[in-house]
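The values are calculated or read from the model by the stated rules, or taken from the named source; none is laboratory data. What you see is a predicted model; the values in this text were computed from it and never measured. Cβ placement follows ideal geometry from the backbone for every residue including glycine, while neighbour counts extend to all protein chains displayed. Surface areas here come from the heavy atoms of the whole protein model, side chains and all, with no ligands, DNA or RNA. Shrake-Rupley method; radii C 1.70, N 1.55, O 1.52, S 1.80 Å.
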Amino acid sequence: MVDELTDTARSEALQSLSGWDYDAGSKALKKRYVFKGFSAAWAFMSRVALLAEKMDHHPEWFNVYNKVDVNLTTHDVGGVSHRDTDMAAAMDAFFNA
Ligand SMILES: C[C@H](O)[C@H](O)[C@H]1CNC2=NC(N)=NC(=O)C2=N1
């Protein structure tokens with residue numbers, strides 16, 4: 001069973017992440033990734049897609065050319081859970097690889 005993070009836990013997790021913000025309206029973590037071009041953006045999305053399937057946890061995202069806007073929220077709990085902060089950290093690791 002996954003639970004929504006407390007405000008404190010979410011804030012602490014955000015401090016350990018880079019460039020992510022919490023949007024209270026959508027109750028989601030948000031970040032914009034900018035790449036050299038579309039191919040790099042698509043390679044990133046491909047790696048995340050495989051992870052999403054492995055985690056059974058999927059991002060809400062929007063891609064235009066070299067930009068990928070990401071929202072992470074856990075639909076099952078209607079807010080941010082550790083699955084979202086875990087995925088955010090994994091996405092940053094892919095981006096920095
Ligand atoms: C049944 C439920 O949809 C699945 O367990 C997974 C699929 N991927 C998911 N992704 C996200 N972001 N939130 C979920 O709650 C979620 N649930």
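Using a 1.4 Å probe over the heavy atoms of the protein chains, calculate the carbon and sulfur portion of the accessible area of the chain as a whole percent. Before the final figure, lay out the partial values.
Values: 3060 of 5710 Å².
Answer for the chain: carbon and sulfur cover 53 percent of the accessible area.
Region 35-56 and region 68-97 have Cα centres lying 13 Å from one another.
Provide the gained length on full extension for the span His58 to Thr8, in nm with one decimal, where the gain is 0.36 nm per separating residue minus the Cα-Cα distance. Spell out each step's value before the answer.
Details: separation 50, 0.36 × 50 = 18.00 nm, distance 2.38 nm.
Residue separation times 0.36 nm, minus the Cα-Cα distance, leaves 15.6 nm.
Counting helices only, and only those DSSP H runs with n ≥ 4, report the 222 nm mean residue ellipticity of the chain as the sum of -39,500 (n - 2.57) divided by its residues, in deg cm²/dmol to the nearest 500.
Working: 3 runs with 43 residues, N = 97.
The helix contribution divided over the chain gives -14500 deg cm²/dmol.
Label-point separation (nm) for Asn96 and Gln15, each offset 7 Å from Cα along Cα-to-Cβ? Calculated label separation equals 1.8 nm. In straight-distance terms, cross-link reach from Lys27 covers every one of the aspartates and glutamates whose alpha-carbon lies under 14 Å from its own, apart from those fewer than eight places away in the same chain; here that gives Asp3, Glu4, Asp7, Glu60, Asp76, Asp84.
Give me the accessible area per residue for the chain, probe 1.4 Å, as a whole number in Å². Let's see the in-between values first.
Working: 5710 Å² over 97 residues.
Roughly 59 Å² per residue, with all protein chains present.
Toward the positive end of the charge dipole of the chain, with +1 on the Cβ of Lys and Arg and -1 on the Cβ of Asp and Glu, the farthest Cα among Ala52, Gly37, Tyr22 is that of Gly37.
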